[in-house]
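My questions all concern the structure below.
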Amino acid sequence: MKSMGVKLAVAAVVGAAVLVGWMIVDRLQAPGAPGANSGGPVPAPVEVAEIRREPIALRRTFSGALEAPARFVVAPKVSGRIVSVYADLADAVQRGQVVAALDDDEYVQAAAQARADLAVARATRTEAKSALEIAERELARTQTLRKRGVMSDAQMDTARANQLAKQAQLEVARARVTRAEASLAAANIRLGYTRVTADWAGEDRARIVAERFVDEGDTVSANTPLMSIVDLDPITGVIFVTETDYARLQPGQSVSLTTDAYPGERFAARIDRIAPIFREATRQAKVELTAENPKHRLKPGMFIRATVVLDRVADAVVVPAQALTVRNDQAGVFVVSADGRSVSWRPVTMGIREGGRVQVDGEGLDGRVVTLGQQLLDDGALVAIPDGSDEAGAG
């Protein structure tokens with residue numbers, strides 16, 4: 001009996017010890033308990049950034065080139081040998097300025113011949129006029145004598161026919177004078193064409209010689225280009241846009257131009273014309289820009305990048321682009337709780353994207369968002385935020 005009692009006592013002590021040990025282990029494994037093992041929820045390390053309310057703009061940058069808004073090709077209207085060229089590459093030229101001269105010997109001689117022909121025609125007209133006056137006096141005497149019965153009808157008819165012939169000769173002489181005057185005027189015009197002028201239409205502002213095609217001593221035919229003269233202020237930029245951006249553009253819209261010739265500088269421009277059609281090959285529409293160019297720093301043919309603000313929001317909810325993630329085919333962000341220990345999933349609708357920032361719209365967008373570590377998270381997950389994460393995420 002005694003040994004049986006000892007055994008029961010030992011069994012009771014062992015059972016009590018097992019119970020106490022289980023209770024201790026269970027408490028240690030409880031969430032948040034000191035010494036809890038890894039079987040409980042572990043906070044996920046993340047980086048975060050502030051959700052901001054600030055302006056944001058939708059910008060597009062298009063590639064293009066500069067063109068001269070006006071180009072005038074100087075060409076002679078007559079053929080000849082070039083004896084002088086008065087304008088060279090990059091020279092400023094005024095409207096009406098003589099830029100070249102042709103050998104005019106033949107044209108001077110032609111004008112002299114035309115003047116001589118005119119003098120002969122005028123002398124012939126004077127002679128015909130005198131002959132007509134004589135014929136008219138003779139006709140008048142014949143008519144008087146005919147009334148007295150001295151002259152016959154045949155003599156009367158002869159006098160009248162002579163008067164009509166002299167009158168016709170005078171008309172021919174006058175026509176020859178008119179023709180000779182026209183010939184002299186044409187000869188003088190051709191002589192004037194030997195002095196080639198830059199007579200473009202439009203404003204009187206000086207333009208610049210862009211290209212020169214001939215030298216002194218060259219023989220050219222009529223309408224052979226001698227030089228090209230362009231207007232550089234203002235200057236035209238040409239870009240091509242797709243259907244996506246076409247509807248957002250309108251004449252008068254501001255544009256910022258950059259070019260490799262002047263790194264870091266921006267030139268103000270505006271949209272001047274928008275083509276009403278798209279090119280079938282590229283599905284793009286031509287857009288012409290106008291930029292003031294008083295110092296002629298911008299040149300035709302330069303490659304440009306034109307940046308246009310297509311849309312702007314003055315007060316937008318903005319998050320870093322890396323904060324966006326997708327859950328169940330829905331874009332959204334993880335918003336950090338006020339105590340910084342957990343996150344909540346917030347679906348969003350994206351708006352304007354500018355650089356590394358994105359406009360978002362949705363419920364509960366306030367405070368901070370997770371920018372790194374979203375793959376470890378679900379709605380309500382615990383997080384651990386290292387010191388300095390806000391600064392890193394904002395950058």
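Could you please find all residues in segment 241-283 being more than 24 Å from His296 (Cα to Cα) and of a type in the set (Phe, Trp, Tyr)?
Tyr246, Phe278
Of these, Leu102, Leu132, Leu66, which one is more than 27 Å from Arg207 (Cβ to Cβ), of a type in the set (A, V, I, L, M) and buried (at least 16 other Cβ atoms within 10 Å of the Cβ)?
Only one candidate passes the filter, namely Leu132.
Then there is this: Which of the residues belonging to segment 142-163 are of a type in the set (A, V, I, L, M), modelled with pLDDT under 85 and part of a helix (DSSP H, G or I)?
Result: no residue meets the conditions.
Within segment 58-79, which residues are closer than 28 Å to Ile271 by Cβ, among the hydrophobic types (A, V, I, L, M, F, W, C) and touching a Leu at 6+ places or on another chain (Cβ under 8 Å)?
Scanning segment 58-79 gives Leu58, Leu66, Ala68.
Leu191 passes all but one of (1) free of Cβ contacts under 8 Å to residues at least 40 places away in the same chain; (2) in contact with a helix residue (DSSP H, G or I) (Cβ under 7 Å, 6 or more places away or on another chain); which number fails?
Status for Leu191: all satisfied but (1).
Conditions first: (1) acidic (Asp, Glu); (2) farther than 20 Å from Glu54 by Cα; (3) modelled with pLDDT under 95. Asp311 passes all but one, so which condition is the exception?
Tallying (1) acidic (Asp, Glu); (2) farther than 20 Å from Glu54 by Cα; (3) modelled with pLDDT under 95, Asp311 fails exactly one: (2).
Oh, and also: Enumerate the strands (runs of 3 or more DSSP E) found wholly within segment 172-276, keeping only those where 2 or more residues are farther than 30 Å from Ala116 by Cβ.
207-212, 227-231, 235-241, 254-259, 267-274
Return a yes/no flag: does segment 261-279 have any residue that is of a type in the set (Asp, Glu), modelled with pLDDT of 95 or more and under 15 Å from the mean Cα position of the chain (by Cα).
Yes, that holds for at least one residue.
Please verify whether Val360 is surrounded by 14 or more Cβ atoms within 10 Å (Cβ to Cβ) and within 20 Å of Ile56 (Cα to Cα), treating the condition exactly as stated.
It is true that Val360 is surrounded by 14 or more Cβ atoms within 10 Å (Cβ to Cβ) and within 20 Å of Ile56 (Cα to Cα).
Could I ask something else about it? Name the residues in segment 290-333 that are hydrophobic (A, V, I, L, M, F, W, C) and in a helix (DSSP H, G or I), would you?
Hits for segment 290-333 are Ala321, Ala323.
A further question follows. Restricting to segment 336-386, what's the tally of residues that are of a type in the set (Lys, Arg) and part of a loop (DSSP other than H, G, I, E, B)?
Number of matching residues: 1.
Would you check which residues across segment 363-372 are surrounded by fewer than 19 Cβ atoms within 10 Å (Cβ to Cβ) and either within 17 Å of Asp339 (Cα to Cα) or not hydrophobic (A, V, I, L, M, F, W, C) (or both) and list them?
Glu363, Gly364, Leu365, Asp366, Gly367
Now for a separate question. Would a scan of segment 93-114 turn up a residue that is in the same structural domain as Gly217 (by TED's automatic domain parsing) and among the basic types (Lys, Arg)?
yes
Would you check if there is a residue in segment 314-321 being in contact (Cβ under 8 Å) with a residue 60 or more places away in the chain, more than 30 Å from Ser79 (Cα to Cα) and of a type in the set (Asp, Glu)?
Within segment 314-321 (the criterion being in contact (Cβ under 8 Å) with a residue 60 or more places away in the chain, more than 30 Å from Ser79 (Cα to Cα) and of a type in the set (Asp, Glu)), the answer is yes, since at least one residue qualifies.
I would also like to ask the following. Looking at segment 98-113, can you tell me whether even one residue there is within 33 Å of the chain's Cα centre (by Cα) and either of a type outside the set (Lys, Arg) or more than 30 Å from Pro386 (Cβ to Cβ) (or both)?
Scanning segment 98-113 turns up at least one residue that is within 33 Å of the chain's Cα centre (by Cα) and either of a type outside the set (Lys, Arg) or more than 30 Å from Pro386 (Cβ to Cβ) (or both).
Right, something else. In segment 312-321, is there at least one residue being more than 23 Å from Val360 (Cβ to Cβ) and touching a strand residue (DSSP E or B) at 6+ places or on another chain (Cβ under 9 Å)?
no
The values are calculated or read from the model by the stated rules, or taken from the named source; none is laboratory data. All of these numbers come straight from a predicted model, not from anything done at the bench. No Cβ is skipped: glycine too gets one built from the backbone with ideal geometry, and neighbour counts run over all protein chains shown.
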